[in-house]
1. Give the residues of region B:243-278 that are within 14 Å of chain A (Cβ to nearest Cβ), touching a Ser or Thr at 6+ places or on another chain (Cβ under 8 Å) and within 20 Å of B:Leu37 (Cβ to Cβ), sorted by residue number.
2. Do the conditions hold for B:Ala13, that is, is it in a helix (DSSP H, G or I), of a type in the set (A, V, I, L, M) and within 14 Å of chain A (Cβ to nearest Cβ)?
3. Return the residues of region B:46-70 that are among the hydrophobic types (A, V, I, L, M, F, W, C) and touching a Cys at 6+ places or on another chain (Cβ under 9 Å); say none if nothing qualifies.
4. What's the number of the only condition in (1) more than 24 Å from A:Ala369 (Cα to Cα); (2) crowded, with 24+ Cβ neighbours inside 10 Å that A:Ala83 fails to meet?
5. Between residues in region A:344-368 that are buried (at least 24 other Cβ atoms within 10 Å of the Cβ) and residues that are in a helix (DSSP H, G or I) and at pLDDT below 95, which pairs lie under 7 Å by C-beta distance while being six or more apart or on different chains?
6. Which residues, taken from region B:45-84, are in contact with an Asp or Glu (Cβ under 8 Å, 6 or more places away or on another chain) and within 14 Å of B:Glu189 (Cα to Cα)?
7. Filter the strands (runs of 3 or more DSSP E) completely within region A:146-238 down to those with at least 2 residues that are surrounded by fewer than 20 Cβ atoms within 10 Å (Cβ to Cβ).
8. Only one residue in A:His393, A:His407 is surrounded by fewer than 21 Cβ atoms within 10 Å (Cβ to Cβ) and not polar (S, T, N, Q), so which one is that?
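The values are calculated or read from the model by the stated rules, or taken from the named source; none is laboratory data. From a predicted model like this one, the values you see are computed outputs, not experimental measurements. Note that we place each Cβ from the backbone using ideal geometry, even for glycine, and neighbour counts take in every protein chain shown.
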Amino acid sequence: MSTSSGPKRPRFALALAVIGSLAVLTAACGGGSTGGSTAGSSTTNASKCGLGNGQKATGAPLTLGAIVTKQPGTDFTGITGMAQAYFSCVNDNGGINGRPVKYIVENEQTDPQQVAALATKLIDDDKVLAIVGSTSLIDCPVNHTLYEQRGFNVIVAGVPFACFSTPNIAAVNMGPYYSSEGAAQYLVRQGVKTMVVAGANVPGGDHDISGVTAIAKANNIPSKGAFLENVPISDASGIAVQLTQAAGDGGGVVLNFTPPEGLKILQAAEQQGLVDKVKWAWSTPGNDASVVQALGPAWNGKLGVNAELNLVDSTGPDNELYQKITKQYAPTIPLGSFGQMGFVAADIITHTLLGLPADQLTPQGVNAAIRQIKNFKTDILCKPWYYGDLQVHVPNNADRTVVPQNHVFIQKEGCFDIAPLPGNNLDTIRQQEKSQGLNGS
Amino acid sequence: MPDLRPFLVLGLALGGVFALSGVGLVVLYRATGVLNLAYGAVGALGALIAWSLINDLGLPDWGAYLCAVAFGGIVTLVYGILFGPPLAARDPLIKAVATLGFTLILLGTMSWAYSYQAHSLILPTTEWGFDLGEVRVNGTQILGLGLGLVVTGAAAAFLRYTKIGVAMRSLANHREITATLGVPVRRVEAAAWLGSGVLSGATGLLLSTLVGLDIVGLTFLVIASLSAALIGRLESLVATMAAGLAIGLVQACLTPFTSVGPYRTMTPFLFAIVALLWFGFGRGRLSTA
């Protein structure tokens, strides 16, 4: 019994090759937000890539950059891959007023020296106009000072807390800390008796899951443990048993892992008959097509996934454009929250660049324009996105809960605010949203 | 004191698969002198291919599983035929490093073809099971342990009682003398490569259910099997099996202890280090005497 989704082309070719070679041996093996569209039908409200004019951009390229973590157990290249797909679509549709976008993505393996060097390379050697779509375990803490010194206003899909607590970085997502908090809020509403959380043993991993304990405490629910697990996980069954034993009957378990790692634990829990022992929740990475395809019916309605972004099959114009671009330009990247993050980041910068006069297409001009972004509406987020002249940025601070139902996610809870806690800045941020009119609050 | 019963079940199942892998490594080493570091990667790619055959081509599950096992056997055999003879006279370390290169090729192929998304391959045996008190025991866990024990016994009997098995053992002692006695060296070595590869394919399928279908995780789970094989001195199948079971058990049972649980993945390394020190100490005493 197995399940699937996502990329087909390379696997298909590989499978065909293997089928061919094995056939002789066994008979069994014979076996943002404007109008237009990239492909297929378009409606008056449909979103489009850039100018949407169907003409290839041929002018001098505008260079953007990103830094992304790709290492065993942690691979965020689906985010930058989707941003690249979006820019490819833009370049096939008139580019930025005729100029194509060149997107330089640097992979890193959580080596601070490497990450510092890559940021310097992008800014000084590649002379990028902006850094957009970076998703790294250590880029924000390592490079935020550099970005501040060089006047770069960076748009990321954030992971460590420094992506949400420094003046020159703003994320399209809310990151594992706030998302885990949202998952814990869901479990509180589900009436759990205790709370347990497990996350990846990566830099900042302990902080990422600390909000769960704080939410439990704020709601007078006993916290029964916060576990950091080495990734890739090699003993998922043991972890599943450990978590359910710690939580006890009627307890709640919050997971904060990438899709492949979290899925291992859930499937192990199913094999061990532990699905109904506790209530399960997962931060945003769980909102992934390959995950929900792999989860059996035993999980129907029994896993609350905190979705920082809309359902991957939602029918808003931006999400439909996201689906089309994925199909046409990035078929190997599964539909999921990671892809949506890359899409939103690329959408924001594309509209920002399109709104600038040619003489402002410089690092100074572009980064000044980024800081002025406010009320950027997209149906993929709960609230309009903004950058703003703030000391800390958490523009995405409301989200949904989705649950699996017969291999698709359905919405369980509509948009709700992530709870303010001591030290998570949300009280201050929401006051500034109102006073500065950043997102229509 | 945490309830260790579920961890005992999990540990025995995982240990059984470690033992199965270790036996595959030892049989190959005894016949060819090659420590095959690509063992895990071959199993991982076989399991991923089974996943593709089921999901992309709609092949029946059992057909796909057979293909995964056959893939393990064939790809390992091809490697052995191509690289075994040229490297036969080289140092064992060089032979092992060559398989490391093969591992990296397989790892790159898997990363290219399967990207970072979540995959899932659950053997149908998992659906069958029974409750032992509050512990759920499923068919794949029993299969993992049972296959480990059966293969160990079968391999030991094969090496002791069959003509080709005896030839493999004599090859391990002295390749050139064995050849001069008329033993078809290349054919015997090919049989060892094929057998080891088939076991790697089966191991990959079992581990994809017991551990998860994960490229890096499955590739490097070979480390636990290597530790078991080292404890068996790359010679004793029974010691390898016992070590595999012990590693699985200890690693699983450390899980609920918060003070040492986070370090449980070091278990195979600790076993290997202790074993090497013990062997070294024993050799020192002998030489002193």
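1. Scanning region B:243-278 gives B:Ile247, B:Thr265, B:Pro268, B:Phe269.
2. So B:Ala13 fits the description; yes.
3. B:Ile49, B:Ala50, B:Leu53, B:Leu59, B:Ala64, B:Leu66, B:Cys67, B:Ala70
4. Only one criterion is unmet by A:Ala83, namely (1).
5. Matching pairs, first to second residue: none at all.
6. B:Gly80, B:Gly84
7. A:223-229
8. A:His407
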